[in-house]
Amino acid sequence: MAELGKDINRAKQLLDRGELVAIPTETVYGLAANALDATAAARIFAAKNRPSFDPLIVHVATAMRVHELVTDFPDQAQALAATFWPGPLTLVLPKKNHIPDLVTAGLPTVGVRCPSHELTLELLHLLDYPLAAPSANPFGYVSPTRPEHVQEQLGSRVAYILDGGPCRVGVESTIVGFDDGPVIYRLGGVAVEEIENVVGRVRVMTHSSSNPVAPGQLASHYAPARQIVLGNIAELLTQHPNEKLALLRYHKRLPDTPVPQIVLSSSGSLEEAAQNLFAALRQFDKMDVTLVLAELVPDTGIGRAINDRLRRAATSR
Ligand code: TXA
Ligand code: MG
C-alpha cells in the first residue's frame with residue numbers, strides 16, 4: 001500500500017529523490033516523476049508496464065515555464081494556453097534537448113500542460129523541475145479518477161499518493177499539436193468547439209492507425225476488463241439473452257429491466273457523465289456480469305470525449 005495524504009512537502013521530498021508520486025489533476029490522477037531525470041522517468045514506464053514508444057505529458061506550474069522546455073511556442077498555442085490553463089489541455093510543441101528522449105519516446109516534440117488542481121499546482125510551484133505524468137493506471141486500462149483507484153492498482157509501485165479527492169473533469173486532457181495549423185490528437189476535457197472559438201477551424205485526427213504521432217490513441221486503449229457492447233440498449237437486450245448483463249445508461253434507468261444499471265448523470269449533464277465515466281467502468285469490473293451493454297451520449301461538447309472513450313473501451317482486444 002502506498003502512503004496517502006495531502007502533504008505536498010512529503011511529495012516534494014520523494015520527487016526530489018527520483019521517486020514516483022501519484023498526483024491529482026482535474027482530469028485524472030497522474031503518476032509523476034521529475035521530467036528532466038531520465039532515471040526517474042524510467043520508473044514511470046516500469047510501474048505502468050508502459051511501452052517505451054508512448055510519450056509522457058510534462059506538467060508545468062505556469063505557461064511561462066513552457067519556454068524552458070520548447071524551442072517554439074507559437075501564437076496559437078500561447079492563445080490556447082492563455083484561455084484554458086490551468087486546465088485540461090495539452091499542447092504538443094518542439095522540444096528542447098535537455099528533455100530526456102525517454103520522456104518523449106524519441107519524438108522531436110513534447111506534450112506540455114498546466115493542470116488545474118490546487119494541490120498539484122502548489123506542488124509544481126515548489127519544485128524546480130516539471131513533472132512527467134501519464135495517467136496513473138496500468139498501461140491500456142481505464143484512467144483513475146479517485147485516489148482509491150490508484151491505490152488499488154499501483155499502490156505497491158508508487159511511494160506516495162497525493163489525495164486530491166475525486167477528479168472534477170473525469171476524462172483526460174485534449175491534446176492539440178500544430179502541423180500546418182492546429183490538430184486535435186486526442187479528444188478530452190476541452191471541447192472541440194471551445195478550441196475552435198480561440199484558433200478557428202481545427203482538424204481532428206484521433207485514429208491510431210493513421211496517427212502514429214499519438215500512440216495513446218491505440219484503438220483498444222482505456223479498456224476495462226469486462227466486455228462492452230455499444231448500441232441501442234433495448235435492442236441489445238434482446239440479442240444477448242444468455243449473458244449476465246449490466247447496463248451503462250446516460251441519464252435514465254431503463255424501466256422494468258431486472259439487471260444492474262449504472263446511470264452516468266441523472267440530471268442529463270455531460271459534465272457529470274464525464275466525471276462518473278471511468279469510475280463506472282471500474283465498477284463493472286467488480287460486478288458478477290459477463291457483458292456490459294452501453295449507449296453513447298449526445299455527441300457534443302465533452303460528450304465527444306466520452307463517446308471516444310466508450311468506443312475504445314468497447315473495442316475488443
Ligand atoms: O489529462 C491528462 O492528460 C492526464 C493527466 C495526468 O495530465 N495524462 C494523460 O497522460 O492522460 P497519458 O500518458 O495517459 O497520455 C499521454 C498521451 C500519449 O499516449 C500520447 O498519445 C500523447 O499523450 N502525447 C504525449 N506526448 C506527445 C507528443 N510529443 N506527441 C504526440 N502525442 C503525445
Ligand atoms: Mg493514459
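Values as computed for the structure displayed
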quantity: Proximal aspartates and glutamates relative to K252, as straight alpha-carbon distance under 14 Å, when same-chain residues fewer than 8 apart are discounted; calculated: E272, E295
quantity: Candidates S267, S143, S116: whichever shows maximal mean-square fluctuation once the chain is modelled as a Gaussian network with Cα springs under 10 Å; calculated: S267
quantity: Full-extension gain in nm, N97 to A42, via 0.36 nm per residue minus C-alpha separation; calculated: 18.1 nm
quantity: Backbone HN-Hα couplings from phi across the range 4-21 [Karplus 6.51/-1.76/1.60, Hz, Gly and Pro as x]; calculated: 10, x, 10, 8, 5, 5, 4, 4, 4, 4, 5, 4, 4, 7, x, 8, 9, 10
quantity: Integer Hz, Karplus 6.51/-1.76/1.60 couplings in order for the range 153-162, x for Gly and Pro; calculated: 9, 10, x, 8, 10, 10, 6, 8, 10, 7
quantity: Descending semi-axes in Å of the chain, equivalent ellipsoid built from Cα gyration tensor; calculated: 32, 23, 17
quantity: Whichever aspartates and glutamates have a C-alpha closer than 15 Å to that of K286, once near sequence neighbours (fewer than 8 apart) are set aside; calculated: E148, E152
quantity: Added length on full extension, which subtracts the Cα-Cα distance from 0.36 nm per residue, H240 to S267; calculated: 6.8 nm
quantity: Cβ crowding within 10 Å averaged over residues, with 198-206, 279-287 ranked highest first; calculated: 279-287, 198-206
quantity: Sites H125 and T300 - FRET efficiency at Förster radius 51 Å, r taken between beta-carbons, to 0.05; calculated: 0.90
quantity: Whole-Hz ³J(HN,Hα) from phi, Karplus 6.51 cos²θ - 1.76 cosθ + 1.60, for the range 35-52, glycine and proline x; calculated: 6, 9, 10, 4, 5, 5, 5, 4, 5, 4, 4, 5, 5, 8, 6, 8, x, 6
quantity: By average C-beta atoms within 10 angstrom, highest first, the peptides 230-240, 124-134; calculated: 124-134, 230-240
quantity: Sum of side-chain charges, G181 neighbourhood, beta-carbon under 10 Å (Lys, Arg +1; Asp, Glu -1); calculated: 0
quantity: Gyration tensor (alpha-carbon) shape descriptor, the range 31-72, a/c threshold 1.5; calculated: prolate
quantity: Residues whose placed amide H lies under 5 Å from that of R186, excluding near-sequence neighbours; calculated: I175
quantity: At R0 = 25 Å, FRET efficiency that the Cβ-Cβ distance of T62 and R10 yields, to 0.05; calculated: 0.60
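Values in this text are rule-based calculations from the coordinates and carry no lab data. Keep in mind that what you see is a predicted model, and the values were worked out from it rather than measured. Note that we place each Cβ from the backbone using ideal geometry, even for glycine, and neighbour counts take in every protein chain shown.
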